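To keep things clear, I will list the structure first and then write my remarks on it.
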Amino acid sequence: MDRDQSIAMGRAARAKVPRSSHAGWQPAAGRRDPVDILEAQDATRQPDLVPLRHERMLVSPFTFYRGAAAVMAADLAGTPTSGIQVQCCGDAHLANFGGFESPERTMVFDINDFDETLPGPWEWDVKRLAASLVVAARERGFDDAIARQTVSTSTMTYRIAMREFAAQRNLEVWYACLDLEGFTSRWGAGVSKADMTRLLTRVRKARSKDSLKAFAKLTEVVDGTVRIRNDPPLVERFEAFLPAGEAVDFDHRARQWLETYSRSLPPDRRHVLSGYRIVDFARKVVGVGSVGTRCWVALLLGRDGDDPLFLQVKEAEASVLAPYAGKSKYVNQGQRVVVGQRLMQAASDIFLGWERAEGMGGITRDFYVRQMWDGKMSVDLTTVDAAMLPIYGQMCSWTLARAHARSGDRIAIAAYLGSGDTFDRAIVEFALAYADQNVKDFDAASAARRAGQLTSV
C-alpha cells in the first residue's frame, strides 16, 4: 500500500469510527463477572501459588489493574476501533515500561513485558495505558485534574509521535529508540533537579543490576558446590516442594530442555550460550498477574565461578487478547511472545528464545527464555510526584507509538488521529470512566476474598 492509499484508509476509518466515539465507558449489559475471569485464569496456574496471586492483586486498585489484563481485554473488545491493526503489547499499563541496557550497553527506555502480545487494534494498547495513568494518579492521591492532564499530554504525545513516524523512512522508524540522551532532549527541561538526580541514581543502580549481583544475592555454597538459595515463596528449590524422585526427574528434563531451547537462537547467540554450563534450577515467583504461571530461574556458569549467567524461563499461555483478536499464528505461545517482543522493542535480550516442554503430569507447556537481570530499571510509582507522572506518561506513549509504527501502518494511524485534539479528549474521558470501573471490580474481588471465594495467603 502506498502513502496516498494509507492516508485514504486512515481518513475513511475516521469517517466510519469518529475519534469522539472512543470517549467514555459503559459496561455491556451481559458483562462477565471479573471474579469469574480471574478464577478461569487460576485454573491453569500452580494451585499453591494462586493465593499469593490474589494477595498481590488485592493490595490496591492499582495492583488489581496490573493483574486484571484479561478483565480489560474482554471490555476493550466491545469498544470502537478503527480497524487498523498493529502488534499489540496486550498489557500496556505504565508499570510494564522501563529501562534496561541494550546489547550495546546503552540504557534505553522501552516496553518490558510481552506476555500478552498479539496483533490487534492499536487503540486497545492506548486505552490500557491511559487508564493505568489515571489509576496510578489516584493511587498517589492526586486529584482528577492531574489525572486529566497526564492522560491528555500522554495521548497527545502518542498522536504527535505517530505523525512524526509517518513522515519518516522505514529504517528511521526501525532504528528509533529512547535513550537517556533522547529523554533529556525531549523532556529534560520539565524535570526538576531533584527528579533528574533520582533518575540518574536509578540508572546507575540499574547498571549494577547484572548477573554478578544476582549471583551474590541468590546463591549459596553447600558442600563446596554453588547453588540457588532457597527463599520461599519467591525462590524455591524444587526439592523443597516436590517429592525427591520428581525433583530429580524434573532437574534432568529441565537440563535437556534448556539445551534444546538454544535452537531458537540465532547461530551467534547460540555460540555464546554454548560457553556456559547449567549448574542449578529453582522455581521463581514473578510479577502480579503472572503469579502462578510456571517460572524457573536457571543458573549457568561460564569460564569459571566468577562468570555467572541467570536465565528466566517463563510459561507462555495464550494471550488474553486471543478470544477477541484471534488466535496467534504461532502454535508455540513462547514463540508468539518472542516474535512480538522483537517486533515492538528497539533492542531485545540476546538470549531471548522459546521452547516447549512436557511438565509434571505429562502436560505440555510453552515457555520463553530471557536473562533475569540485565541492567533493568523501573520508576518507583509509589513515590513519583505530580510533575513527573505526566512526563513518565509521555515517555510511555512515545515508546508505544514507536512500537506500533514498527509493526502497523503508521501513515494510516496518523491520518486517523489527525492534527487536532479530538482523540486526546476522548481518551481522557475513557480513562477516567474505566478507572472508576476498575475500582468497582477491585471492590468486587475484595468482597469475594472476604467471602472465601478467592483464597489468599
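Quick check on my filter: what residues within segment 339-372 are buried (at least 20 other Cβ atoms within 10 Å of the Cβ) and at pLDDT below 80?
Selection gives Ala357 alone.
β-branched (Val, Ile, Thr) and in a helix (DSSP H, G or I): is that true of Val320 in this structure?
no
For the structure I just gave you, tell me whether Trp296 is assigned to a strand (DSSP E or B), touching a strand residue (DSSP E or B) at 6+ places or on another chain (Cβ under 6 Å) and of a type in the set (Phe, Trp, Tyr).
Yes: the conditions hold for Trp296.
Considering only residues that are more than 26 Å from the chain's Cα centre (by Cα) and acidic (Asp, Glu), look in segment 219-239 and name the one that is farthest from Val291 (Cα to Cα).
Applying the filter and picking the extreme gives Asp223.
Given the condition within 16 Å of Glu123 (Cα to Cα) and touching a residue at least 60 places away in the same chain (Cβ under 8 Å), answer yes or no: does some residue in segment 24-41 qualify?
Yes, segment 24-41 has at least one match.
All but one of (1) open to solvent by 70 Å² or more (accessible area, probe 1.4 Å); (2) more than 26 Å from Ser102 (Cβ to Cβ) hold for Arg253, so report the exception by its number.
(1)
Can you spot a residue in segment 302-317 that is outside any strand (DSSP E or B), touching a residue at least 60 places away in the same chain (Cβ under 8 Å) and of a type in the set (S, T, N, Q)?
No: segment 302-317 contains no residue that is outside any strand (DSSP E or B), touching a residue at least 60 places away in the same chain (Cβ under 8 Å) and of a type in the set (S, T, N, Q).
Taking only segment 11-21 into account, find how many residues are out of contact with any Ser or Thr (no Cβ under 6 Å at 6 or more places or on another chain), under 16 Å from Ala414 (Cβ atoms) and either of a type in the set (Ser, Thr, Tyr) or buried (at least 17 other Cβ atoms within 10 Å of the Cβ) (or both).
1
Out of all the residues in segment 412-433, which are more than 14 Å from Asp125 (Cβ to Cβ) and either of a type in the set (Gly, Ala, Ser) or open to solvent by 30 Å² or more (accessible area, probe 1.4 Å) (or both)?
Hits for segment 412-433 are Ala412, Ala414, Ala415, Gly418, Ser419, Gly420, Asp421, Thr422, Arg425, Ala426, Glu429, Ala433.
Of everything in segment 287-306, what is surrounded by fewer than 17 Cβ atoms within 10 Å (Cβ to Cβ) and modelled with pLDDT under 90? Give them in sequence order.
Arg303, Asp304, Gly305, Asp306
Name the residue that is nearest to Lys127 (Cα to Cα), counting only residues in segment 385-411 that are in contact with a helix residue (DSSP H, G or I) (Cβ under 8 Å, 6 or more places away or on another chain) and among the hydroxyl-bearing types (Ser, Thr, Tyr).
Here the residue is Ser397.
Just to be sure, is Ala12 part of a helix (DSSP H, G or I), among the aliphatic types (A, V, I, L, M) and in contact with a helix residue (DSSP H, G or I) (Cβ under 8 Å, 6 or more places away or on another chain)?
Considered against the rule, which asks whether it is part of a helix (DSSP H, G or I), among the aliphatic types (A, V, I, L, M) and in contact with a helix residue (DSSP H, G or I) (Cβ under 8 Å, 6 or more places away or on another chain), Ala12 comes out as no.
The rows are residues; the columns are (1) crowded, with 18+ Cβ neighbours inside 10 Å; (2) under 12 Å from Ala414 (Cα atoms); (3) modelled with pLDDT of 95 or more; (4) out of contact with any Leu (no Cβ under 7 Å at 6 or more places or on another chain).
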| site | (1), (2), (3), (4) |
| --- | --- |
| Thr117 | yes, no, yes, yes |
| Gly120 | yes, no, yes, no |
| Ala130 | yes, no, yes, yes |
| Ala136 | yes, no, yes, no |
| Ser152 | yes, no, yes, yes |
| Met162 | yes, yes, yes, no |
| Ala166 | yes, yes, yes, yes |
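Mind checking which residues of segment 23-53 are crowded, with 23+ Cβ neighbours inside 10 Å and touching a Ser or Thr at 6+ places or on another chain (Cβ under 7 Å)?
none
Is one or more of the residues making up segment 72-85 over 24 Å from Thr155 (Cβ atoms) and in a loop (DSSP other than H, G, I, E, B)?
no
Of these, Arg269, Arg336, which one is open to solvent by less than 40 Å² (accessible area, probe 1.4 Å) and touching a Phe, Trp or Tyr at 6+ places or on another chain (Cβ under 8 Å)?
None of the other options fit; the residue is Arg336.
Looking at segment 91-113, is at least one residue assigned to a helix (DSSP H, G or I) and under 20 Å from Thr422 (Cβ atoms)?
No: zero hits.
In segment 77-100, which residues are of a type in the set (A, V, I, L, M), closer than 24 Å to Ser20 by Cβ and buried (at least 24 other Cβ atoms within 10 Å of the Cβ)?
Matches in segment 77-100: Val86, Ala92.
Residue by residue, here is whether (1) hydroxyl-bearing (Ser, Thr, Tyr); (2) outside any strand (DSSP E or B); (3) on the phi < 0 side of the Ramachandran plot holds:
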position: Glu239; (1), (2), (3): no, yes, yes
position: Leu242; (1), (2), (3): no, yes, yes
position: Glu246; (1), (2), (3): no, yes, yes
position: Asp251; (1), (2), (3): no, yes, yes
position: Arg255; (1), (2), (3): no, yes, yes
position: Tyr261; (1), (2), (3): yes, yes, yes
position: Arg269; (1), (2), (3): no, yes, yes
position: Gly275; (1), (2), (3): no, yes, yes
position: Val279; (1), (2), (3): no, no, yes
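Given the conditions (1) in contact (Cβ under 8 Å) with a residue 60 or more places away in the chain; (2) closer than 24 Å to Ala322 by Cβ, and given that Pro61 satisfies all but one, which numbered condition is not satisfied?
Of (1) in contact (Cβ under 8 Å) with a residue 60 or more places away in the chain; (2) closer than 24 Å to Ala322 by Cβ, only one is false for Pro61: (2).
Out of segment 115-168, which residues are outside any helix (DSSP H, G or I), more than 30 Å from Val337 (Cα to Cα) and touching a residue at least 12 places away in the same chain (Cβ under 8 Å)?
Hits for segment 115-168 are Arg140, Phe142.
The values are calculated or read from the model by the stated rules, or taken from the named source; none is laboratory data. As the structure is a prediction and not an experimental result, all values here were calculated from the model. Note: ideal-geometry Cβ built from the backbone for every residue, glycine included; neighbour counts use all protein chains shown. Areas reflect the complete protein model, heavy atoms only, side chains present, ligands, DNA and RNA absent. Shrake-Rupley method; radii C 1.70, N 1.55, O 1.52, S 1.80 Å.
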